Amino acid sequence: MSTEITARNFDLTPDIRQLLESKLSKIEDRLFDDVIETRVVLDVQKYRFICEIMMVGKDHDVKVVQESDNSMQDAVNAAIDHARRQASKHRERITDHRRNEASPDALDTSGR
């Protein structure tokens, strides 16, 4: 698994890099089995801090774009929380093995 972090109009501090790497590794370990690569783009436009996260997996992809007016850490935390929710929803869909309730007529194979 490779992680690529890109900063546009912004100096990437070691604190934000550490925050991203630690939280992304937790999401990948707990919710994904097959992450191929992770791309993070941090962007500053006037007063907006934008964090875009793209996780590419074997069976599914997660793309999140969040912005904040306060700080880059707020945008990163919001994007990671959103990615966690998306990944858990996808995982629930995969592991939900409930059978659909079929009508009794569909189960009758006696030819009546």
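When the residues of the stretch 80-89 are filtered to those that are in contact with a strand residue (DSSP E or B) (Cβ under 9 Å, 6 or more places away or on another chain) and within 21 Å of Ser2 (Cβ to Cβ), the one that is modelled with the highest pLDDT is Ile80. Of all the criteria given as (1) surrounded by 14 or more Cβ atoms within 10 Å (Cβ to Cβ); (2) in a helix (DSSP H, G or I), the one not satisfied by Ala7 is (2).
Note on the stretch 62-79: residues that are crowded, with 21+ Cβ neighbours inside 10 Å and either at pLDDT 90 or above or under 17 Å from Arg17 (Cα atoms) (or both) total 4.
Taking the numbered list (1) outside any helix (DSSP H, G or I); (2) of a type outside the set (S, T, N, Q); (3) closer than 18 Å to Ala7 by Cβ in turn, Asp74 passes all entries but (1). In the condition set (1) modelled with pLDDT of 90 or more; (2) surrounded by 12 or more Cβ atoms within 10 Å (Cβ to Cβ); (3) not in a strand (DSSP E or B), Gln18 is compliant with all but (2).
Condition test on Ile27, is it of a type in the set (Val, Ile, Thr) and within 16 Å of Lys89 (Cα to Cα)? Here the answer is yes, as Ile27 does meet what is asked. Of everything in the stretch 24-71, what is of a type in the set (S, T, N, Q) and in contact with a His (Cβ under 7 Å, 6 or more places away or on another chain)? Give them in sequence order. Within the stretch 24-71, just Gln66 meets the criteria. Checking each residue in the stretch 30-61 for being closer than 15 Å to Ser2 by Cα and crowded, with 20+ Cβ neighbours inside 10 Å picks out Phe32, Val35, Thr38, Val40, Ile53, Met55.
Scanning the stretch 1-41 for residues that are among the basic types (Lys, Arg) and free of Cβ contacts under 8 Å to residues at least 24 places away in the same chain gives Arg17, Lys26, Arg30.
Checked against (1) surrounded by fewer than 18 Cβ atoms within 10 Å (Cβ to Cβ); (2) under 12 Å from the mean Cα position of the chain (by Cα); (3) aliphatic (A, V, I, L, M); (4) assigned to a helix (DSSP H, G or I), Ile27 passes all but condition (1).
The values are calculated or read from the model by the stated rules, or taken from the named source; none is laboratory data. Being a predicted model, the structure only gives us computed values, none of them experimental. No Cβ is skipped: glycine too gets one built from the backbone with ideal geometry, and neighbour counts run over all protein chains shown.
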